[in-house]
6 protein chains.
Amino acid sequence: MKVGARNRIIGKVTKIQEGGVMGLVKLEIPAKSQMGSVLTLESLHEMGLKEGDEVEVVVKAVNVLLIKP
Amino acid sequence: MKVGARNRIIGKVTKIQEGGVMGLVKLEIPAKSQMGSVLTLESLHEMGLKEGDEVEVVVKAVNVLLIKP
Amino acid sequence: MKVGARNRIIGKVTKIQEGGVMGLVKLEIPAKSQMGSVLTLESLHEMGLKEGDEVEVVVKAVNVLLIKP
Amino acid sequence: MKVGARNRIIGKVTKIQEGGVMGLVKLEIPAKSQMGSVLTLESLHEMGLKEGDEVEVVVKAVNVLLIKP
Amino acid sequence: MKVGARNRIIGKVTKIQEGGVMGLVKLEIPAKSQMGSVLTLESLHEMGLKEGDEVEVVVKAVNVLLIKP
Amino acid sequence: MKVGARNRIIGKVTKIQEGGVMGLVKLEIPAKSQMGSVLTLESLHEMGLKEGDEVEVVVKAVNVLLIKP
């Protein structure tokens, strides 16, 4: 499988929160960094995600914002 | 300064490519992972980014896609 | 601080609504225009946003859609 | 016509730059603020945009990032 | 009306779910394919969307991810 | 493989255009509809995409805008 995105990191699901139609998945990526993904509950349930799962974290480069301190 | 985004990683600029109106900034984040950001040349030049610069890499959680192998 | 985005407007928070995992921040920008931002409650709380706060409203140019009447 | 987005501002095209496949449209919105939109040249040409045109500038609230100084 | 986006498909609303601040609109597009759109409840209510409505489904090309099996 | 996105359509690559750092991939989906995806040339080349290829077209629901005529 080949994914057309510049940013692909392996992460581990550490926590899942469910709202009314959206959910938030918290992830740990290498070097103890934290990430978060928001998706519909429908997608969350279809994927059957649970804490401890290993997932690929994908972000298109156009959605990455740089800030220079 | 406080940024309203779940994903904020410190990265180092490793390479910059310029196109007609857009540019691609390649970054190294901890644990030797690579990331990429696409922005307008205008923003790129205004920021004065160059290789070796340290930047904050910011992604809103809604723009993070998860794939379960 | 330099932000790699074409669209940066100063706005004032006029109202905050909280849902299950997401929140909506309503803003007033110059010339009495209204804007809105959706972010995770986590980000909202970490920022400690409240009505009357002045914030920078940032949008990458790739996320701006034009419609010609 | 009703558009499902929280952010809709009337702007005037002030400048158009064309790259290889993408274009950048610069806009002036009320109170002399500047905005920018990146779109494909194909869309740009289909719309027949030119300097001086009045357009609706649309941004979904999920794509609006807030920064608190 | 001209919309600056490469992806515009006519769809029919099949179901609407409301959460705390966001809503999910399920759509059927030609060839029995299903799509989904997440927007704020505010936008949803302002549009007065209901099941059976015909809408234009718009996606900027930068937000389309390709996966090759 | 499970993808956390509401919108997944099978498409066939009909044309590829290359710019300086970005590329545009034109696709045909069922019912003769057309779609387009913009990605970095790097991703395009890594995927080895060519006309006639079958790909999965993925869009997160938050990036889908609805317009009611």
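Across the identical copies, the label point of F:K32 (7 Å from Cα in the Cβ direction) is separated from its matches by 2.0, 4.9, 5.3, 5.3, 6.0 nm, in order from shortest. Rounded to the nearest 20, the size of the Cβ-charge dipole of the stretch F:7-53 about its Cα centre is 260 debye, with Lys and Arg at +1 and Asp and Glu at -1.
Residue by residue along B:24-33, Cβ atoms of other protein chains within 10 Å of the local Cβ number 5 on average. With each label modelled as a point 7 angstrom along the Cα→C-beta vector, the A:E28-C:A31 pair spans 4.9 nm.
Quick check: net charge around E:K12, other residues with Cβ under 13 Å of its Cβ, Lys/Arg +1 and Asp/Glu -1? Neighbour charge sum, excluding E:K12 itself: 0. Grouping the Cα pair distances of chain C into 10 Å bins from zero gives a pair-distance distribution of 18, 46, 32, 4 percent in increasing distance order. Any chance you could count the Lys pairs in chain F whose alpha carbons are under 12 Å apart, treating pairs 8 or more apart or on different chains as valid? So the count of such lysine pairs works out to 6. With its label point defined 7 Å out from Cα along the Cα-to-Cβ axis, F:P69 lies at 2.0, 3.4, 4.7, 4.7, 5.4 nm from the matching points of the other copies, in increasing order.
Among chain F residues, the beta-carbon with the smallest distance to the axis carrying F onto C is reported, with distance in whole Å, as F:L65, 3.
Label-point spacing at D:E46 relative to the other copies reads 2.5, 2.5, 2.8, 2.8, 3.8 nm, in ascending order, each point sitting 7 Å out from Cα along Cα→Cβ. Contact order for chain F, expressed relative to its length and based on alpha carbon pairs under 8 Å spaced 6+ residues apart, stands at 39 percent.
Using only the alpha-carbon atoms of the protein assembly as shown as identical scatterers, what base-10 log of I(q)/I(0) does the Debye formula give at q = 0.06, 0.10 Å⁻¹? With no solvent term, the Cα-only Debye profile gives -0.20, -0.61.
Throughout, read-outs are computed from the coordinates displayed, never taken from laboratory work. What you see is a predicted model, and the numbers here were worked out from it, not measured in a lab. Positions of Cβ are generated from backbone atoms using ideal geometry, with glycine treated the same way; all protein chains shown enter the neighbour counts.
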